[in-house]
Amino acid sequence: MPKPRRLWCSCVIIDYLKGAPRAKPCEEIIDHGTKGELEIAVSMLAHAEVVKVGGSSSDEAMIQEFFSRPYVVSIQVDRRVAEEARRLVRLGLMKKPLDAVHAASATIHRISVLETYNLKDFAEVAGQGSPALVVREPIWDGQGSLAI
Amino acid sequence: MPDDESLTFVLHGENDIVPVDALVDAVKRIAKLVYDVQYVAGRGLKPRPWVIVRLSSSSPSITIRPAVKSTVATVPIVLEGLRAVASEGEMPAELPAMFGEDALVDLRRIGQGLSKRGGLTDITFSANGDSTPTEVTRIDQRIRERVDSVLRSGYTEHGSIEGRVDAIQTHRGRWFTVWDDVTGAPVRCPIPEGRFWLERAKAALTTRQVVSGQIRYFGNGLPRSITVEEMKPLAQDAQGPKATFGGIPDIIGDEDSVEYIRRLHE
């Protein structure tokens, strides 16, 4: 059966690894992911953006470990995602193409929840896609969107 | 799966006559379609047998359901797939991921049995055979053309598929299946010539892998097959460091993560 799926922007993963107080709810979300109750989708772009410049091999191993977890689903920046990102920028729903890639990864793959701390830059894209995209900060609310 | 999952199909023949051979062929082909969808929906689990729960002879009408309760809901996928392919217009955007290539080929074969002179003209499918039929879909000879159009559509791109490797096939072609993490679709991976790749595929069986190469997609973006150029495991190192909350406290220094990403995106 499909599991509820939410998409995390790079800033969420960074804040989780950083231990930022606002990212505390991520622990609970991850806990439910570990139990096989949900999936966290990430754009492949996040694989490049979540980086410790000059970091140790241990830091890198930790980042790799996160992205290889079975409940972390990595979405390619393929033609459909890129075209959708272009559409979002063209319509003025997203200002920056790279932000738009994260949003497009959600709308193309019918993920109805995008979690980010950058609510301002993603405000206009809310409601796009089918099901309509909800943009919010990470929160465990007992459910998520169903991946179809 | 709903306890009452069932699929009803009604066969219509020319002048209301249905030849026995056409009926037998149609039942076999529809059963194969159901099993192929169930296999994909169950992500490679061996399909359970289905049984006939109702037969009516006026226009031959047959209702089938799984012999035992399963967690896999097959009928909605079959009906959604039939409806998507049968619909007029461009490549059906709503073709379900679980209605894969094998199901399309099965549907084409069902279509081959339609409109033969003196044979079947069309088949009507519906759910809830024992009560009010729902999601009624009718297919006729045009379904073959529609399936061909779906199978012809699509595009190729270089990229990678991540997912669990399963089902190595070595007779009638050499390929294995990777179950795409993102869409849940089975992606067929022809095994390159030589023992090296066969052994790698065997070693990868049941593990999560990143398979890179030329990916062929259906027109609606579902991955269909990949020409394997490289494979590497998505294995987790049990002894290695874990990405815990606060595991890399200085990952971006003191900068706010939103501002950091904004700066990257400038």
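Tabulated results
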read-out: From B:A203, B:A238, B:A243, residue being among the hydrophobic types (A, V, I, L, M, F, W, C), free of Cβ contacts under 8 Å to residues at least 24 places away in the same chain and over 30 Å from A:P4 (Cα atoms); value: B:A203
read-out: Lone qualifier among B:V40, B:V24 - being in contact with a Pro (Cβ under 8 Å, 6 or more places away or on another chain) and either outside any loop (DSSP other than H, G, I, E, B) or not charged (D, E, K, R) (or both); value: B:V40
read-out: Qualifying residue in the stretch B:67-88 (condition: on the phi > 0 side of the Ramachandran plot and away from chain A (no Cβ under 14 Å)); value: no
read-out: Extreme residue, farthest from the other protein chains (Cβ to nearest Cβ), among residues of the stretch A:73-92 that are buried (at least 18 other Cβ atoms within 10 Å of the Cβ) and outside any helix (DSSP H, G or I); value: A:V77
read-out: Subset of the stretch B:163-192 (residues that are under 17 Å from the mean Cα position of the chain (by Cα) and among the charged types (D, E, K, R)); value: B:R164, B:D166, B:D180, B:D181, B:R188
read-out: Any chance A:A41 is within 23 Å of A:T107 (Cα to Cα), free of Cβ contacts under 8 Å to residues at least 24 places away in the same chain and more than 7 Å from chain B (Cβ to nearest Cβ); value: no
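Conditions (1) assigned to a strand (DSSP E or B); (2) touching a Lys or Arg at 6+ places or on another chain (Cβ under 6 Å); (3) free of Cβ contacts under 8 Å to residues at least 60 places away in the same chain, marked per residue:
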{"residue": "B:T137", "(1), (2), (3)": "yes, yes, yes"}
{"residue": "B:D148", "(1), (2), (3)": "no, no, yes"}
{"residue": "B:T156", "(1), (2), (3)": "yes, yes, no"}
{"residue": "B:G163", "(1), (2), (3)": "yes, no, yes"}
{"residue": "B:I168", "(1), (2), (3)": "yes, no, yes"}
{"residue": "B:G173", "(1), (2), (3)": "no, no, yes"}
{"residue": "B:F176", "(1), (2), (3)": "yes, no, yes"}
{"residue": "B:V182", "(1), (2), (3)": "no, no, yes"}
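Conditions (1) more than 14 Å from chain A (Cβ to nearest Cβ); (2) surrounded by fewer than 18 Cβ atoms within 10 Å (Cβ to Cβ); (3) among the hydrophobic types (A, V, I, L, M, F, W, C), marked per residue:
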| residue | (1), (2), (3) |
| --- | --- |
| B:I161 | no, no, yes |
| B:R164 | no, no, no |
| B:A167 | yes, yes, yes |
| B:H171 | yes, yes, no |
| B:D181 | no, no, no |
| B:C189 | yes, no, yes |
| B:T206 | no, yes, no |
| B:T244 | no, yes, no |
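Coordinate-derived values only; no laboratory data. These numbers come from a predicted model, not from an experiment. For neighbour counting, all protein chains shown are included, and Cβ atoms are generated from backbone atoms with ideal geometry for every residue, glycine included.
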